[in-house]
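Peer 1: Once you've had a glance at the structure underneath, I'll fire off some questions.
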Amino acid sequence: MFKSRIPHPSWIGPVVAIFVALLFLFPRCALADRRYFVYSYTSFLAPAGDLELETWLTARTGKQDSTVHTAWDQRMEFEYAQSDRLTLAGYLNFTQEPGGSLRFQAPSIEVIYNLAERGRAFGDPAFYTELTESGEELEIENKLLMARRSGRLVSALNLISEIEIRHNDEEKLPGGETMSSHFSGEVSGGVAYEVSPMVAIAMEGRYRTEHPNFGSQAAAIFSLGPTVNFQSGKVQLAIGSQIQLWGNPHTRGRRNLEDFEKMQVRAILGIEL
């Protein structure tokens, strides 16, 4: 019977332990931009002047051609609230394919802007855009963020488009056509419950569809999973997973393990500076 194995660098355990300890060293006050989810964003931005450092670690495992090994993605984010309605961020992105070594992938810049004052519009909508240039392709990711708070319940919905523009003609589609661009559409969201000022739990889902050269659908996925957030003072840690429940085309059962992983696990550590 296949047993999934997720190897990890030896430093991860001690570092996570230190970060969890930090949660209890700071005064217990809530962060304005608490990460209830690890794939979806709320539209609740930090107040003007806030500066935050975030580190992301994502493990992707269970793909059909690498069922034993795990791929890793890492991000370092520096986020600054220019105003109560405008947040700017920069990323350094790293990746490690199964069996490979960690390598720098590309930088990214991000802008989030609240379209209206808090409470003035349904869902407190915000516009998100992120640009990533790797030298091999330009990726433009746009999102419409919406969120709602009702007591201890927080819900979020994201409408997402991703456009990749290739700078070479090396990748070919099954019919021999050069893949010069790629479009992906996604809907993600979830519902979170604040158990206490320090702990929140959530359930989050994602539907994604992919279209090479803006053509017909080539692949799609629906995934679902839990998230937990711990925060204290200026430190928060969010950990969540996404399990593929359905994929198209089916390659194993009702899943698509050719284009997508069976499971992803993500941890995001945020420290307000």
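The values are calculated or read from the model by the stated rules, or taken from the named source; none is laboratory data. None of the values given here were measured: they were computed from a predicted structure. As a convention, Cβ positions derive from the backbone with ideal geometry for all residues, glycine included, and neighbour counts pool all protein chains shown.
Peer 1: Which of (1) more than 16 Å from the chain's Cα centre (by Cα); (2) under 22 Å from SER161 (Cβ atoms) does VAL235 not meet, given it meets every other one?
Peer 2: Against the list (1) more than 16 Å from the chain's Cα centre (by Cα); (2) under 22 Å from SER161 (Cβ atoms), VAL235 comes up short only on (2).
Peer 1: Something else about it: Any idea how many residues of the range 187-213 are over 21 Å from ASN158 (Cβ atoms) and surrounded by fewer than 18 Cβ atoms within 10 Å (Cβ to Cβ)?
Peer 2: Going through the range 187-213 one residue at a time, the tally reaches 6.
Peer 1: (1) under 22 Å from ASP73 (Cβ atoms); (2) part of a strand (DSSP E or B); (3) not β-branched (Val, Ile, Thr): which one isn't true of PHE260, the others all being true?
Peer 2: (2)
Peer 1: Consider only pairs whose beta carbons are under 6 Å apart and that are at least six residues apart or on different chains; among these, list those whose first residue lies in the range 205-217 and is on the phi > 0 side of the Ramachandran plot and outside any strand (DSSP E or B) and whose second residue is surrounded by 15 or more Cβ atoms within 10 Å (Cβ to Cβ) and modelled with pLDDT of 95 or more.
Peer 2: ASN213/SER181; PHE214/PHE183
Peer 1: Also, quick follow-up: Given the residues PHE26, PHE19, which is the only one that is surrounded by 12 or more Cβ atoms within 10 Å (Cβ to Cβ), part of a helix (DSSP H, G or I) and either at pLDDT below 95 or of a type in the set (S, T, N, Q) (or both)?
Peer 2: PHE19
Peer 1: Out of the range 223-238, which residues are touching a residue at least 60 places away in the same chain (Cβ under 8 Å) and closer than 12 Å to TYR36 by Cβ?
Peer 2: Hits for the range 223-238 are THR227, ASN229, PHE230, GLN231, GLN236, ALA238.
Peer 1: Kindly indicate the residue of the range 214-232 that is within 27 Å of ILE163 (Cα to Cα) and within 17 Å of the chain's Cα centre (by Cα) and also surrounded by the fewest Cβ atoms within 10 Å (Cβ to Cβ) among those meeting that condition.
Peer 2: Only one residue fits best here, namely LEU224.
Peer 1: List every residue pair whose Cβ atoms lie under 8 Å apart, where the two residues are 6 or more positions apart in sequence or sit on different chains, the first residue falls within the range 163-176 and is farther than 17 Å from SER216 by Cα, and the second residue, located anywhere, is aromatic (Phe, Trp, Tyr) and modelled with pLDDT under 90.
Peer 2: Qualifying pairs under 8 Å: none.
Peer 1: State all residues of the range 103-125 that are part of a loop (DSSP other than H, G, I, E, B) and either at positive phi or at pLDDT 95 or above (or both); if no residue qualifies, say none.
Peer 2: LEU115, GLY119, GLY123, ASP124, PRO125
Peer 1: In the range 120-143, which residues are surrounded by fewer than 17 Cβ atoms within 10 Å (Cβ to Cβ), under 17 Å from TYR36 (Cα atoms) and either of a type in the set (A, V, I, L, M) or under 18 Å from the mean Cα position of the chain (by Cα) (or both)?
Peer 2: None - no residue of the range 120-143 is surrounded by fewer than 17 Cβ atoms within 10 Å (Cβ to Cβ), under 17 Å from TYR36 (Cα atoms) and either of a type in the set (A, V, I, L, M) or under 18 Å from the mean Cα position of the chain (by Cα) (or both), so the list stays empty.
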